[in-house]
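What follows is a short report on a single structure.
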Amino acid sequence: MNEMKLVRDLLQEPPPPTPQVSAHALARLDDEISGRPHSRRRTRRRRRVPWTIPLGLAALATAAAVAAAAVTVTGGETPEPGPTRSASTPRALALDTMSTQQVLLAAADTAERKSLTDGAYWRVTSIRESWTRGTATYRQLDVYWFGKDGRYQGGSRHLEGPYKGNAGLGKPSRPSSRPFSIVDQSFSLQEIRGIPADPRGVVAWARGAAKKHFPRASESYRESFVDRFLVGLLAQTPALPKTRAAAFRALAARPGIKSGGNVRDSEGRVGRELRFDPKGVQRVLVDPNTGMLLAEYAVLSKMRRLHRVIFLEAVWTDERPSIPKAP
């Protein structure tokens, strides 16, 4: 699914950037994660590693990084308006008493207790946003409906930015045998429902997928794929409650994941922040009380930018696709 093409077709946006400009933008994000100084000349030769960019952020990061060239950045300003550290509320105090491993295990227990639901569509609602120097430069509500026949349909509403107020509903896609995407790889509903419901099993399944899709990748790259796969599985897919619980428990046992403390997202929700790389560029927010991922984001301190996907809802429903309403 090409989200940027869907939005352009739906809202008559300008044509996409050239492959050279897109490669340059993605390379800037890659440099920020790795800590390397950026070289415009080098980006033409760099191979893009699909799992180094957080789920749902690749298209947004490309567009936002391209736009960054027109933004003047001055010193002495904070690189992001949020997420902000949570206030001393009862909920925040409860999180303060828990280790990151305990937060993930509690999220697993919550996810496992949820009832198995069904419906005509798997509906995913999220907000993609980009901030520069404390100001929202892009904010868009996205809603996708995935039918059991393999068709999907998306609607969008611009909340901030040059197209603010524009909204519409795209046409249904052609049937696909694998309409669901995790770390840029396609899966069927049957495959997702067949993922093992125990921590070791789900990790082994993800490693098998990494070996299948990236046979020449190094072991460290495959293990990075496993981390991103577990996050993607929890973010937007119709995984069974026990499988979601297994993914949370698997994350609790993964090495290299660091805590960023308790954080409040732009919707006012509080969760524990997890960081997946040494520089803390790639982050997710976990709420143990709902058993959900609240957000996934990339903090680009050198560019003073924040790219974020806020996960609002992922449920089975019988409601038919319609133009998204403003939140």
What's the local net charge at Ala167, with K and R +1, D and E -1, over the other residues with C-beta under 12 Å away? +2
How large is the dipole of region 210-270 about the Cα centre if only Lys and Arg carry +1 and Asp and Glu carry -1, each at its Cβ, rounded to the nearest 20 debye? 200
Determine the distance separating the Cα centre of region 144-179 from the Cα centre of region 306-323; give it in Å without decimals. 10
Within the set of other residues whose C-beta is less than 13 Å from the C-beta of Glu112, count the net charge using Lys and Arg as +1 and Asp and Glu as -1. +3
For a label point 7 Å from the Cα of Glu267 along Cα→C-beta, name the residues of region 310-327 whose backbone N is under 17 Å from it. 310-317, 324-327
Would you kindly calculate the translational diffusion coefficient of region 154-269, applying Stokes-Einstein with the Kirkwood radius from alpha carbon pairs, for 10 °C and a viscosity of 1.306 mPa s, and quote it in µm² s⁻¹ without decimals? 96
Could you name the lysines in cross-link range of Lys148, using Cα to Cα under 20 Å and dropping any fewer than eight places away on the same chain? Lys171
Student exercise, region 244-327 dipole from Lys, Arg, Asp, Glu Cβ charges, in Debye to nearest 20: 500
Which net charge results when you count Lys and Arg as +1 and Asp and Glu as -1 among the other residues whose beta-carbon is under 12 Å from that of Lys148? -1
FRET efficiency, 1/(1 + (r/R0)^6) with R0 51 Å, evaluated for Glu319 and Thr135 via beta carbons: 0.90
Which lysines have a Cα lying under 30 Å from the Cα of Lys258, excluding residues fewer than 8 positions away in the same chain? Lys114, Lys211, Lys212, Lys242, Lys279, Lys302
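Any read-out appearing in this document is the output of simple, stated calculations on the displayed coordinates, not a laboratory observation. This one's a predicted model, so the numbers in the text were calculated from it and none came from an experiment. Quick reminder, even Gly has a Cβ in these numbers, built from the backbone with ideal geometry, and neighbours come from all protein chains shown.
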